[in-house]
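All remarks here apply to the structure that follows.
The values are calculated or read from the model by the stated rules, or taken from the named source; none is laboratory data. Note that the structure is predicted; figures quoted are calculated from it, not measured. Virtual Cβ from ideal backbone geometry, glycine too; neighbours counted across all protein chains shown.
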Amino acid sequence: MKTTVELPDELLTELKIIAARERRKLRDVMTEVVSVGLRCRQRPDVTDHEREIGARRWLDAWADLGRKIEEASADPRTCVDILLQDRR
């Protein structure tokens, strides 16, 4: 299903960076992030603080994986450089 959602520029940029680092489609990364967010909200026994800690751990783990992929990449450009070049 297609829909239009307005996101802050900073959030979309962060999602694009994750997608570029992981060489995944932006759509797939966004689907995963929304799914994880919804699952977290469905657990009433978990406090907001615990949800935030879990979300930060998950995002940190993805960022670490992205850095590992970036280090192993044959392309010397950073993800930000790749995204900026796509905008030109």
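Structure above, values below:
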quantity: The lone exception for Arg24 - which of (1) assigned to a helix (DSSP H, G or I); (2) modelled with pLDDT of 90 or more it fails; calculated: (1)
quantity: Flag for Glu70 being at pLDDT below 90, assigned to a helix (DSSP H, G or I) and over 16 Å from the mean Cα position of the chain (by Cα); calculated: no
quantity: Segment 1-23, subset without any contact (Cβ under 8 Å) to a residue 12 or more places away in the chain and within 10 Å of the chain's Cα centre (by Cα), residue surrounded by the fewest Cβ atoms within 10 Å (Cβ to Cβ); calculated: Leu11
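Here is a yes/no grid of residues against (1) acidic (Asp, Glu); (2) not in a loop (DSSP other than H, G, I, E, B):
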site	(1), (2)
Glu6	yes, no
Cys40	no, yes
Ala61	no, yes
Ala74	no, no
Arg77	no, no
Ile82	no, yes
